[in-house]
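Structure in structure tokens, see below.
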Amino acid sequence: MADPDGKAGETDRKSLDELGARIDAAREKLEGPKRVQTTKYKTLSRAWQMIVELVVSVVVGGCIGYALDWAFGTLPLFLLILGGFGFVAGIKTILATARGFVEDDGTA
Amino acid sequence: MATENTSLAEGAADAAAHSSGGMPQLDFSTWASQIFWTALALFVLYKILNGSILPKISGALEDRHNAIADDLDKAAELKKQAEDAEAAHAAALASAKADANKIIAETQAEIDAELAAASAEAEAEIAARTAESEARIGEVRATAATNAKAIATDTAQAIIDKLAPGLADKSSIEAAVARALSASGVAK
Amino acid sequence: MAKEAVEGELNIDPMHQFDIKYFFDIDLGIANMGFTNSALFAFIAVAAIVVFLWTAVSGHSLVPSRMQSVAEGIYEFVRNMVRDTAGDEALKYFPYIFTVFIFILACNLIGMIPYSFTVTSHFAVTVFLALSVFISVTVIGFLKHGTHFFSFFWPAQAPPALRPILCIIEVISYLARPISHSIRLGANMMAGHAVLKVIGAFAGASALLVVPSIVGVVGLTALEVLVAVLQAYVFTILTCVYLNDALNLH
């Protein structure tokens, strides 16, 4: 008489515990931060994006240099210097972009 | 622009002439118009979205969030109730078990006591009966012994009278019978 | 255009689809502000977004319909993107960012429909979008930090001798942002459509090429839909990254 009663109590306990776990999981899902899904197809545009960034940086630097040259009449000087700076800036941006991708890959 | 280019050379030349290198994107005469209308479209879109659609979506999301949170609270509450009920049930079960054990022990003790009383009574009765029986047996034995003495005495008298009258008087015969009887263990 | 010269029968003009056609002119002297196919499709995109979102949210039920959950998914996606990239403070700019994102997304996707026009394949539009972001973000930076915003360009941890040079480099890369920001979107949309057009034109050129051409177009169209979504996402997340720089100065 006592044994089947005890068993029933045990299964009740178990199902209660399961219910508790499910409630906790649902609550966590509701409150927890949602991770932004990054798509792996982002890599498709990676190389293209880097080239654009490099070229754009060189061109922007070159333009500023050309403007300075135009103002001071020192034509190739600032164009070359700032073009070079633009190249460095482009490399820097590319490295930052690459780091961003690495971080994305890490979280994905 | 180069829409109906019948001759290729003409078409290419046409395209090159109208847009720089054939890319309409670099035809800067269209930029002002594009920028103006795009800006207007974006402004209209922003007004509509920010004015009514985005608040509606965020309201719906918030309502759902709250509803789910409420439901979860309710579920936790019900779970707690179930646990309480289970605990109450377990307590009731335990107390019932204790009660049952107590009753069993009490009954046992009662039965034991009754049994002891009954057996004591029975023993007393048996003892009484034994005593009674013994008394009767003793009586019977005494009677038997007396009778045996009388019979033996009478017999001995008769025998002596027959064989040798006057050999022994009544008292000596009695003494002899008593002696013989006590030797055979019939009487004390 | 080189292709046209080489291939005799093949008359491919992949750039023709990007032509701007005026429906009517509004000549202001300095520029023709007339209504064009680009403007038409920009407003078609706006109408499509409004109709879609309005239908989706009009039910406003606790258990969302399919459309409602798509709309809510987009909303939460952009919102999380803004918050995760630029922090909670950036959430007050969420409506602007959402507007830009959904506009680019709608323009890109509507551009996938045959015979339609891709508004975002024009640099005029993407440069306008990128410059708006650039100017707004810079203004936000100055409003929040005042002249302290210039420290964004000043590498305080670098060796002192290198600082001026690094500062120039920072300024160049900051100025390069709107350009690469706009070229990335415009060039992607333009290149995809041009390639589609070229491959599609092969089908008309020779009976032998019909099947591979159709296969190619189908595959590329799938890829282009992906690119359309991806570029809207990339443009938006870069906007968030720039906003984050302005709000938090690294």
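Assess whether A:Gly62 counts as being modelled with pLDDT of 70 or more, out of contact with any Lys or Arg (no Cβ under 9 Å at 6 or more places or on another chain), within 13 Å of chain C (Cβ to nearest Cβ) and closer than 26 Å to C:Leu162 by Cα. Walk me through it before giving the result.
On the way: modelled with pLDDT of 70 or more: yes; out of contact with any Lys or Arg (no Cβ under 9 Å at 6 or more places or on another chain): yes; within 13 Å of chain C (Cβ to nearest Cβ): yes; closer than 26 Å to C:Leu162 by Cα: yes.
Taking the combined requirement at face value, the residue satisfies it.
Among the residues of the range A:1-51, how many are modelled with pLDDT under 55, under 36 Å from the mean Cα position of the chain (by Cα) and within 12 Å of chain B (Cβ to nearest Cβ)? Lay out the reasoning, then the answer.
Initially, the range A:1-51 is screened for residues modelled with pLDDT under 55, giving A:1-6, A:33-42, A:44.
Filter once more, keeping what is under 36 Å from the mean Cα position of the chain (by Cα): A:33-42, A:44.
After this cut, where a residue has to be within 12 Å of chain B (Cβ to nearest Cβ) as well, the list is A:34.
The number of residues fulfilling the criteria is 1.
Something else: If you scan the range B:38-77, which residues turn out to be among the basic types (Lys, Arg), more than 58 Å from the chain's Cα centre (by Cα) and within 7 Å of chain C (Cβ to nearest Cβ)? Can you show your working first?
Of the residues in the range B:38-77, the ones among the basic types (Lys, Arg) are B:47, B:56, B:64, B:74.
Subsequent filtering for residues that are more than 58 Å from the chain's Cα centre (by Cα) retains B:47.
Across the range B:38-77, there are no qualifying residues.
This table checks each residue for (1) within 7 Å of chain B (Cβ to nearest Cβ); (2) at pLDDT below 80.
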| site | (1), (2) |
| --- | --- |
| C:Val6 | no, yes |
| C:Met15 | yes, no |
| C:Tyr22 | no, no |
| C:Ala31 | yes, no |
| C:Ala48 | no, no |
| C:Phe52 | no, no |
| C:Ser58 | no, no |
| C:Arg66 | no, no |
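Okay, residues lined up against (1) at pLDDT below 90; (2) touching a helix residue (DSSP H, G or I) at 6+ places or on another chain (Cβ under 7 Å); (3) of a type in the set (D, E, K, R):
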{"site": "B:Ala2", "(1), (2), (3)": "yes, yes, no"}
{"site": "B:Ala32", "(1), (2), (3)": "yes, no, no"}
{"site": "B:Phe36", "(1), (2), (3)": "no, no, no"}
{"site": "B:Leu49", "(1), (2), (3)": "no, yes, no"}
{"site": "B:Leu72", "(1), (2), (3)": "no, yes, no"}
{"site": "B:Ala75", "(1), (2), (3)": "no, yes, no"}
{"site": "B:Gln81", "(1), (2), (3)": "no, no, no"}
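Would you point out the residue of the range C:149-186, among those that are in contact (Cβ under 8 Å) with a residue 60 or more places away in the chain and farther than 28 Å from C:Gln231 by Cα, that is surrounded by the fewest Cβ atoms within 10 Å (Cβ to Cβ)?
C:Ser151
Quick check on the range C:205-228: of everything there that is β-branched (Val, Ile, Thr) and surrounded by 14 or more Cβ atoms within 10 Å (Cβ to Cβ), which residue is farthest from C:Asn188 (Cα to Cα)? Talk me through it step by step, then tell me what you get.
Taking the range C:205-228 as the starting set, the residues that turn out to be β-branched (Val, Ile, Thr) are C:210-211, C:214-215, C:217-218, C:221, C:225, C:227.
Filter once more, keeping what is surrounded by 14 or more Cβ atoms within 10 Å (Cβ to Cβ): C:214, C:217, C:221, C:225, C:227.
On the way: C:Ile214: 22, C:Val217: 17, C:Thr221: 13, C:Val225: 12, C:Val227: 8 Å.
Among residues in the range C:205-228 that are β-branched (Val, Ile, Thr) and surrounded by 14 or more Cβ atoms within 10 Å (Cβ to Cβ), the one farthest from C:Asn188 (Cα to Cα) is C:Ile214.
Which numbered condition trips up C:Ala222, out of (1) within 14 Å of another protein chain (Cβ to nearest Cβ); (2) under 20 Å from C:Phe77 (Cβ atoms)?
(2)
When only residues in the range C:51-72 that are within 16 Å of B:Asp63 (Cα to Cα) and touching a Leu at 6+ places or on another chain (Cβ under 8 Å) count, which is surrounded by the most Cβ atoms within 10 Å (Cβ to Cβ)?
By that ranking, first place goes to C:Ala71.
Suppose we keep only residues that are under 51 Å from the mean Cα position of the chain (by Cα) and not small (Gly, Ala, Ser) within the range B:117-151. Which one would you say is farthest from B:Ser171 (Cα to Cα)?
So, considering only residues that are under 51 Å from the mean Cα position of the chain (by Cα) and not small (Gly, Ala, Ser), the one farthest from B:Ser171 (Cα to Cα) is B:Glu121.
Then there's this: Which residue is nearest to the other protein chains (Cβ to nearest Cβ), if the candidates are limited to the range A:65-76 and must be at pLDDT below 90 and loosely packed, with under 12 Cβ neighbours inside 10 Å?
A:Pro76
Looking at the range C:95-137 only, could you name the residues that are within 23 Å of C:Ser180 (Cβ to Cβ), within 12 Å of chain B (Cβ to nearest Cβ) and not in a helix (DSSP H, G or I)?
C:Thr118, C:His122 - these are the residues of the range C:95-137 that are within 23 Å of C:Ser180 (Cβ to Cβ), within 12 Å of chain B (Cβ to nearest Cβ) and not in a helix (DSSP H, G or I).
Against the definition (out of contact with any Pro (no Cβ under 8 Å at 6 or more places or on another chain) and more than 11 Å from every other protein chain (Cβ to nearest Cβ)), how does C:Ile140 come out, yes or no? Even if it seems obvious, please write down each step before you answer.
Numbers: out of contact with any Pro (no Cβ under 8 Å at 6 or more places or on another chain): yes; more than 11 Å from every other protein chain (Cβ to nearest Cβ): yes.
Yes, satisfied.
Sticking with this structure for a sec: Within the range C:150-200, how many residues are outside any helix (DSSP H, G or I) and touching a helix residue (DSSP H, G or I) at 6+ places or on another chain (Cβ under 7 Å)? Walk me through it before giving the result.
First, pick out the residues of the range C:150-200 that are outside any helix (DSSP H, G or I): C:153-159.
Subset that is touching a helix residue (DSSP H, G or I) at 6+ places or on another chain (Cβ under 7 Å): C:153-155, C:158.
Number satisfying all stated conditions: 4.
The values are calculated or read from the model by the stated rules, or taken from the named source; none is laboratory data. Just so you know, these numbers come straight off a predicted model, no measurement behind them. Cβ coordinates were reconstructed from backbone atoms using ideal geometry, including for glycine residues, and neighbour counts include every protein chain displayed.
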